[in-house]
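A short worksheet on the structure shown next.
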Amino acid sequence: MGADELSATLWRERRQLDFLLFLLETQLLHLRAGNWHRLQYTASELEKVVESLRFESLARGVEAAALAAEWKAPDQTSLPSLAGMAPAGIWPDLLKEHHRALVILLESIDAVAADNLSALEQEREPADAEPDDLAIMTLDVNVQRARAAVTSAALPSLRDFLGTT
């Protein structure tokens with residue numbers, strides 16, 4: 001029962017992480033194309049998916065704690081530890097597969113996030129032919145917002161659960 005719920009939560013989290021990766025790649029494409037005026041949209045979407053991932057993280061914590069209690073493990077047991085103590089059957093392999101897929105997604109997110117942060121440091125010009133002070137200030141605010149959104153994709157609680165910190 002508890003393993004079913006944890007697995008379902010991990011599937012949802014994997015889908016959200018894949019969407020986060022897509023959004024980071026999309027933002028990077030806009031940055032490389034010089035579409036700095038699109039930052040307000042990409043940052044907004046990144047903020048939404050990171051917020052959604054926070055809720056998934058809470059659900060994962062609840063389900064992992066319930067499963068740990070069911071399997072007589074400590075509350076803060078990592079996914080590799082849960083997989084190692086899973087009863088014979090499908091659960092050891094399925095939990096290991098979740099772990100493998102989540103680690104791969106996080107590595108990809110880290111790489112694209114680093115590229116995004118690097119691109120956000122580049123020299124940029126507002127989209128207007130003759131930028132005014134307001135256009136420059138708006139661009140700076142959008143760059144700061146995009147940088148904060150990319151930085152929030154670090155997901156430390158997931159890293160702890162995966163045992164990768």
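Values quoted throughout were computed directly from the atomic coordinates according to the rules given, and no laboratory measurement underlies them. Treat the numbers as computed from the prediction; the structure is a model and nothing was measured. Note that each Cβ is placed from the backbone with ideal geometry, even for glycine, and that neighbours are counted across all protein chains shown.
Between GLN76 and LEU29, what FRET efficiency comes out of the Förster formula 1/(1 + (r/R0)^6) with R0 = 41 Å and r the beta carbon distance, rounded to 0.05?
The pair LEU29/GLN76 has a calculated efficiency of 0.60.
To the nearest 20 debye, what is the magnitude of the charge dipole of the chain about its Cα centre, counting +1 on the Cβ of each Lys and Arg and -1 on the Cβ of each Asp and Glu?
Working: 15 positive and 26 negative charges, 116 e Å.
The dipole magnitude comes to about 560 debye.
Return the distance in nm (one decimal) between the two label points of a simple spin-label model at SER52 and PHE19, each offset 7 Å from Cα along Cα→Cβ.
0.1 nm
Give, in nm to one decimal, the length gained when the segment between SER157 and TRP11 is fully stretched (0.36 nm per residue of separation minus the Cα-Cα distance).
Stretched fully, the SER157-TRP11 segment lengthens by 50.9 nm.
Return one number: the angle in degrees, 0 to 90 and rounded to the nearest 10, between the long axis of the Cα atoms of helix 39-70 and the longest principal axis of the Cα atoms of the chain.
10 degrees
Calculated from DSSP H runs of 4 or more alone, at -39500 (n - 2.57) each and per residue, what is the 222 nm mean residue ellipticity of the chain, nearest 500?
Rounded to the nearest 500, it is -26500 deg cm²/dmol.
If I model a spin label at ASP140 and SER118 as a point 7 Å from the Cα along the Cα→Cβ vector, what separation in nanometres do I get?
Between ASP140 and SER118, the label points sit 2.6 nm apart.
GLY163's amide H: which non-local residues (gap 5+, or another chain) put their own amide H closer than 5 Å, with H modeled 1.01 Å from N in plane and none for Pro or chain starts?
For GLY163, whose amide H was placed from the backbone, the distant partners under 5 Å are LEU79.
Taking 10 °C and 1.306 mPa s as the conditions, I'd like the Stokes-Einstein D for the chain in µm²/s, using the Kirkwood hydrodynamic radius from alpha carbon pairs.
Translational D for this selection: 92 µm²/s.
Across 5 Å bins from 0, what is the distribution of all Cα-Cα pair distances for the range 10-84, in whole percents?
Here the calculated profile for the range 10-84 is 3, 15, 19, 15, 13, 11, 9, 7, 5, 3, 1.
Mind checking the angle between helix 2-32 and the chain's longest principal axis? C-alpha axes, 0 to 90 degrees, to the nearest 10.
Long axis of 2-32 versus the principal axis of the chain: about 20 degrees.
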